[in-house]
1. Do any helices (runs of 4 or more DSSP H) lying entirely in the range 51-161 carry at least 2 residues that are open to solvent by 60 Å² or more (accessible area, probe 1.4 Å) and over 30 Å from ASN229 (Cβ atoms), and which ones are they?
2. Looking for something over 23 Å from LYS36 (Cβ atoms) and either open to solvent by less than 10 Å² (accessible area, probe 1.4 Å) or assigned to a strand (DSSP E or B) (or both) - is there at least one such residue anywhere in the range 184-201?
3. Residue check, LEU164 against (1) within 28 Å of PHE42 (Cα to Cα); (2) crowded, with 20+ Cβ neighbours inside 10 Å, all met but one. Which one?
4. Could you list all residues from the range 293-308 that are modelled with pLDDT of 80 or more and surrounded by 10 or more Cβ atoms within 10 Å (Cβ to Cβ)?
5. Considering every residue within the range 213-236, establish whether at least one is of a type in the set (Ser, Thr, Tyr), more than 24 Å from MET137 (Cα to Cα) and either in contact with a Ser or Thr (Cβ under 9 Å, 6 or more places away or on another chain) or not in a helix (DSSP H, G or I) (or both).
6. Listed residues PHE243, PHE284, PHE276; which is within 13 Å of SER213 (Cα to Cα) and either open to solvent by 30 Å² or more (accessible area, probe 1.4 Å) or in contact with a helix residue (DSSP H, G or I) (Cβ under 8 Å, 6 or more places away or on another chain) (or both)?
7. Tell me, yes or no, whether the range 232-241 has at least one residue that is free of Cβ contacts under 8 Å to residues at least 60 places away in the same chain and touching a strand residue (DSSP E or B) at 6+ places or on another chain (Cβ under 7 Å).
8. In the range 154-178, which residue that is among the basic types (Lys, Arg) and touching a residue at least 40 places away in the same chain (Cβ under 8 Å) is nearest to GLU267 (Cα to Cα)?
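The values are calculated or read from the model by the stated rules, or taken from the named source; none is laboratory data. All figures in this text were calculated on a predicted structure; none of them were measured in a lab. Don't worry about glycine lacking a Cβ; one is built from the backbone with ideal geometry, like all the others, and counts go over all protein chains shown. For the accessible areas, the whole protein counts, side chains as well, though only heavy atoms, and no ligand, DNA or RNA atoms are used. Shrake-Rupley method; radii C 1.70, N 1.55, O 1.52, S 1.80 Å.
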Amino acid sequence: MALPKMRLLYTCLLGIGVLCLYFSMEAFKEGKFIFKKNYEQFLQIPDIDCKRHSPFLVLLVTSSPQQVAARMAIRKTWGQAQEVRGQRVRTFFLLGTRNSKEEMMVVAQESKTHGDIIQKNFKDVYFNLTLKTMMGMEWVHRFCPQAAFVMKTDTDMFINVPYLTELLLKKNRTAGFFTGYLKLKELPIRSKLSKWYVSHSEYPWSKYPPFCSGTAYVFSSDVASRVYNISDSIPFIKLEDVFVGLCLAKLGILPEELHSQQTFFPEGLHFSTCRFKKVVACHFVKPQELLTYWQALQDSKEGDCKGV
């Protein structure tokens, strides 16, 4: 009697296993492994009324609670501007949470002091950058759709806000616009040793859609709402710039160049005053370097770079 019962149990377990495999595969085929919107309330939101004072440009800077020095350096340099070339500009920082109550209290006090932090309750780690970026998209969608343009960037960046504003005014685009350092033929990295490793289960296709380097990209504010609205129909991937690219592909928005000359430098650039006057975004800039570069630019005279 024991043997038939064991066979019956084995058959049942095998059947359950097959059914589980079947439904999991069907879910993947139907795209059920998708981004899930975080409907929790914001822990911190900026002190701004976009309906009354509509910004021309909102800069959203991904940061972490412990990066206090980097945020302060940005506030003292390119993030301090509130009006550029007659256009209203505001800079805000995107943060998640950490386990340390002390750090969270410091962030809350920082938010109270500066009024420039956007925060939700998710673990602040690199592989949650998609959540952090989509939090920024949600904030624009819900609280500041009146902005003309939005830039998403990082704390280790130099941003030339006046030059970016100048180029955006010349571009004269108000909808469906997305620009940055274009990545048009990128392939998934399958090496497990890489920081940007993506498994076949996460992304089974052989090529990424067109996207822009996550170090800095700029878009018309309608794109924030459109991306946020369709984000929960898109397969989740931890690489936020690729995820945004997937959203753009579904929306039929193709990233485009901001200028005929390169203005975004995700691999960094050797500093010179004249060169940086025609740079929109440069990566790998430490807080102290940012302060030094900024002062050099402030001290430079209009005629210093003629003929350069």
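1. 68-76, 101-114
2. yes
3. Of the numbered conditions (1) within 28 Å of PHE42 (Cα to Cα); (2) crowded, with 20+ Cβ neighbours inside 10 Å, the odd one out for LEU164 is (1).
4. Correct list: TYR293, TRP294, GLN295, ALA296, LEU297, SER300, CYS305.
5. For the range 213-236, residues of a type in the set (Ser, Thr, Tyr), more than 24 Å from MET137 (Cα to Cα) and either in contact with a Ser or Thr (Cβ under 9 Å, 6 or more places away or on another chain) or not in a helix (DSSP H, G or I) (or both): absent.
6. So the residue among PHE243, PHE284, PHE276 that is within 13 Å of SER213 (Cα to Cα) and either open to solvent by 30 Å² or more (accessible area, probe 1.4 Å) or in contact with a helix residue (DSSP H, G or I) (Cβ under 8 Å, 6 or more places away or on another chain) (or both) is PHE243.
7. So far as the range 232-241 goes, yes, one or more of its residues are free of Cβ contacts under 8 Å to residues at least 60 places away in the same chain and touching a strand residue (DSSP E or B) at 6+ places or on another chain (Cβ under 7 Å).
8. LYS171
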